[in-house]
Structures are given as structure tokens and as C-alpha cells.
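The values are calculated or read from the model by the stated rules, or taken from the named source; none is laboratory data. This structure is a prediction, so every number in the text was calculated from the model and none was measured. Don't worry about glycine lacking a Cβ; one is built from the backbone with ideal geometry, like all the others, and counts go over all protein chains shown. For the accessible areas, the whole protein counts, side chains as well, though only heavy atoms, and no ligand, DNA or RNA atoms are used. Shrake-Rupley method; radii C 1.70, N 1.55, O 1.52, S 1.80 Å.
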Amino acid sequence: MADSQYPYPPDRFDDEADAVSFHGAHRAELPFWRENLLYIIIIGAAAVLLVVLLFFIGGMGNNGDDRAEDPTSAAAESEAAEQSAEETAAEEEAAPAAEPDLSTPVLVVNAGGINGLAGTWRDTLEGEGWEDISLATSDNAQQEPVVFYRDEADADTAQALAELAGAGEARQSDEYDAPITLVAVAEPGAAEDGGEG
């Protein structure tokens, strides 16, 4: 209703209303971001946390990959390993071979299926100076002779026996209770002939 159509004379309330710029009791609507401020903060914090986690996880994976993919460092490591292997081999050649301890108990296992094979090996080893030899028979036949040792301290003695038996490199194993075990598959002379030929 326009002021000209208002039927009542103006009073003091009308004067106050004219002095105020806002008319009525309604407020303006809040903007979207203010109505949803709490949700926006939660979503933003979750996004930042996710980015940080991905950065750290990706950073940890890249460190290992960079080292593996770097050809210069791989080549340097391989050269260093070759040099150390050559130095170790040279030291082993220069160092005198340790004398085998012929008093170490030896178990001779007949794994060749030949009657009396273990006894023949016992006689041969005793002739070479070995002092403590016991005998056993394997349940399964083997194709190649093997020498096992339990403790690292007996490695040199086991290797000396392996060379005598034509068994190649002695191997560390807990399969047998004896400190050193010779798994024999052929007569002593046959093993030496096979080793020479």
C-alpha cells in the first residue's frame, strides 16, 4: 500500500520507520558456503590427508626403485662384488690349506647298494689316518658321492674328505648326527678313477 493511500495520520512510529533503511523483519539468505562450512572443512581436511598419505607412500616406493633403475650404481655394485670375490679367491689361494683333523668322527653311509661298500671305505680311510669311523646304510640309493658336515669348524676337514672321496664340495647340513658324513656310492678306487677322468 502506498503512503498516499494510508488512511491514518502519521505518528511517531512512522517517523522511526522512515529513519531506518530496512523495512520488515526478514533476513537475507546465507550464502551456500556459509550454510555448509562444517562439511566443506571436513571434506577439505580429508583431501589434504589423502594427498599427504599418497605422497609418503609414493616417496617410499620411489627410493627403492630409483636405486634399482640407476645403471651406474648397479654397474659399480657389480664391479665391487667381482673385485671382492677375486680378492677372496686370491686370499684363499695364498693362505695355506688347514690341516684336516683326522680324529673328527666320520660316518660312512653306503648309498650305492653295494654290499660291504661302507666297510671298504672305512678300511681305506683308516689307511689314510682317519681315526673314528662308523658305518650306516642308506634306505635310498644315490647317484653321486656327497660329504656333509654339521659345524663350520669342521668345514676344512670335511673338504679334505670330499677331495679324497671325489665328492666335490663338502656341504653343511644337519641331516646326519655325525660331525662329518660321507655318502658313498662306489668303491674307493672307482671314485678316484672317476675324479681323475
Give the residue that is surrounded by the most Cβ atoms within 10 Å (Cβ to Cβ), with candidates limited to residues of the range 126-141 that are without any contact (Cβ under 8 Å) to a residue 24 or more places away in the chain and of a type outside the set (Gly, Ala, Ser).
Glu126
Scanning the range 101-115 for residues that are part of a loop (DSSP other than H, G, I, E, B) and buried (at least 19 other Cβ atoms within 10 Å of the Cβ), the one modelled with the lowest pLDDT turns out to be Gly112
Which condition number in (1) among the hydrophobic types (A, V, I, L, M, F, W, C); (2) outside any helix (DSSP H, G or I); (3) modelled with pLDDT of 85 or more is the one that Ala118 fails?
(2)
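Kindly evaluate Glu169 against the criterion of being touching a residue at least 24 places away in the same chain (Cβ under 8 Å) and in a loop (DSSP other than H, G, I, E, B).
The answer is no for Glu169.
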Just the residues that are open to solvent by 40 Å² or more (accessible area, probe 1.4 Å) and at pLDDT 85 or above, please, taken from the range 142-158.
Gln143, Glu144, Arg150, Asp151, Glu152, Ala153, Asp156
Candidate set: the range 9-59, residues that are touching a helix residue (DSSP H, G or I) at 6+ places or on another chain (Cβ under 9 Å) and open to solvent by 90 Å² or more (accessible area, probe 1.4 Å); chosen: the one modelled with the highest pLDDT
Trp33
